[in-house]
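A.B. asks: This is the structure, below, for whatever I ask next.
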Amino acid sequence: MAEKTKEYECCALFKPDLEPEQLDAEIDAVRQLLTEQGGHVARVDRWNKRFLAYPIKNCREGYYVIYRWFSSKEVLPDLIYLLKFSDNCLRYLILDYTEKERKRRKRLGKGKTTEV
């Protein structure tokens, strides 16, 4: 049976005291894991240091990195393990992007159009 490929999105928050080389290494580790597992990384957005709404692990700032990729769901446990046990990752959130889009369209009222 063929594996079903889905689009995923991950928002990872990294410690603010990382050197640029260390942050690049963390980003490349995730990208390498995704490609080794047969995924295709479509986009990686690296944001500047941002203030957090509340402290996380005694940090008030952090680097946000947004990954968007296509893969099967078999890559997710390895990615979760990598991010959960990384000393430099404060938080992460992985979304099934197609599910997110479907819910957003449903909430906005699919098929409703207005004429001018």
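A.B. asks: Starting from the 7 Å offset along Cα-to-Cβ, what nm value, one decimal, do you get for the label separation of LEU18 and TRP47?
C.D. replies: Here the modelled spin labels are 1.4 nm apart.
A.B. asks: As a check on your grasp of the helix formula, calculate [θ] at 222 nm for the chain: sum -39500 (n - 2.57) over DSSP H runs of n ≥ 4, divide by the residue count, round to the nearest 500.
C.D. replies: On the way: 3 runs with 38 residues, N = 116.
Result for the chain: -10500 deg cm²/dmol, rounded to the nearest 500.
A.B. asks: OK, next. Any of LYS15/LYS106; LYS6/LYS49; LYS6/LYS106 with alpha carbons more than 24 Å apart? Name them for me. Please list the in-between numbers first.
C.D. replies: Working: LYS15/LYS106 36 Å; LYS6/LYS49 30 Å; LYS6/LYS106 19 Å.
Exceeds cut-off: LYS15/LYS106; LYS6/LYS49.
A.B. asks: A follow-up question, please. Rounded if a/c is under 1.5, else prolate if a/b beats b/c, else oblate: with a ≥ b ≥ c from the C-alpha gyration tensor eigenvalues square-rooted, which is the chain? The partial results should precede the final answer.
C.D. replies: Values: a/c = 2.37, a/b = 1.33, b/c = 1.78.
Cα axes put the chain in the oblate bin.
A.B. asks: Amide H neighbours of GLU61 under 5 Å, counting only residues 5+ apart in sequence or on other chains, H built in-plane at 1.01 Å?
C.D. replies: Under 5 Å from the amide H of GLU61 lie the amide H atoms of LEU52, each far enough along the sequence or on another chain.
A.B. asks: Can you send over the solvent-accessible area of ILE66, 1.4 Å probe, protein chains only, in Å² to the nearest 10?
C.D. replies: For ILE66, the solvent-accessible surface is approximately 30 Å².
A.B. asks: I'd like the Karplus ³J(HN,Hα) series for the stretch 78-85: coefficients 6.51, -1.76, 1.60, θ = phi - 60°, whole numbers in Hz, and an x wherever there's a Gly or Pro.
C.D. replies: Whole-Hz 3J(HN,Hα) from phi for the stretch 78-85: 5, 5, 4, 4, 4, 6, 5, 9.
A.B. asks: For the pair THR35 and ASP87, what calculated FRET efficiency results from E = 1/(1 + (r/R0)^6), where r is the Cβ-Cβ distance and R0 = 30 Å, to the nearest 0.05? Can you show the working numbers first?
C.D. replies: Numbers: r = 23 Å, r/R0 = 0.77.
About 0.85, to the nearest 0.05.
A.B. asks: Where does helix 20-36 land angle-wise versus the long Cα axis of the chain, in degrees 0 to 90, nearest 10?
C.D. replies: Rounded to the nearest ten degrees, it is 50.
A.B. asks: VAL30 accessible area, nearest 10 Å², 1.4 Å probe?
C.D. replies: 0
A.B. asks: At 1.4 Å probe size, with the rest of the protein present, what percent of the exposed accessible area of the chain is carbon and sulfur atoms? Write down the numbers at each step before the final one.
C.D. replies: Values: 4190 of 8470 Å².
In the chain, the share of accessible area belonging to carbon and sulfur is 49 percent.
A.B. asks: At 1.4 Å probe size, with every protein chain present, just tell me what the per residue accessible area of the chain comes to in Å².
C.D. replies: Ligands and nucleic acids excluded, the result is 73 Å² per residue.
A.B. asks: Moving on to the next point. Report the trypsin sites (Lys or Arg not before Pro) located in the stretch 1-68 that are in a DSSP loop and have at most 14 other Cβ atoms inside 10 Å of their Cβ, or state none. Show your work: numbers first, answer last.
C.D. replies: Values: sites: LYS4, LYS6, ARG31, ARG43, ARG46, LYS49, ARG50, LYS57, ARG60, ARG68; in loops: LYS4, LYS57.
Here the trypsin sites (Lys or Arg not before Pro) that fit, given the DSSP loop and packing criteria, are LYS4, LYS57.
A.B. asks: The stretch 8-116: which GluC sites (Glu not before Pro) are DSSP loop and have at most 10 other beta-carbon atoms within 10 angstrom?
C.D. replies: Working: sites: GLU9, GLU21, GLU26, GLU36, GLU61, GLU74, GLU99, GLU101, GLU115; in loops: GLU115.
Passing sites in the stretch 8-116 are GLU115.
The values are calculated or read from the model by the stated rules, or taken from the named source; none is laboratory data. These numbers come from a predicted model, not from an experiment. Please note: Cβ atoms are built from the backbone with ideal geometry, for glycine as well, and neighbour counts cover all protein chains shown. Calculation scope for accessible area: heavy atoms of the full protein, side chains included, ligands and nucleic acids excluded. Shrake-Rupley method; radii C 1.70, N 1.55, O 1.52, S 1.80 Å.
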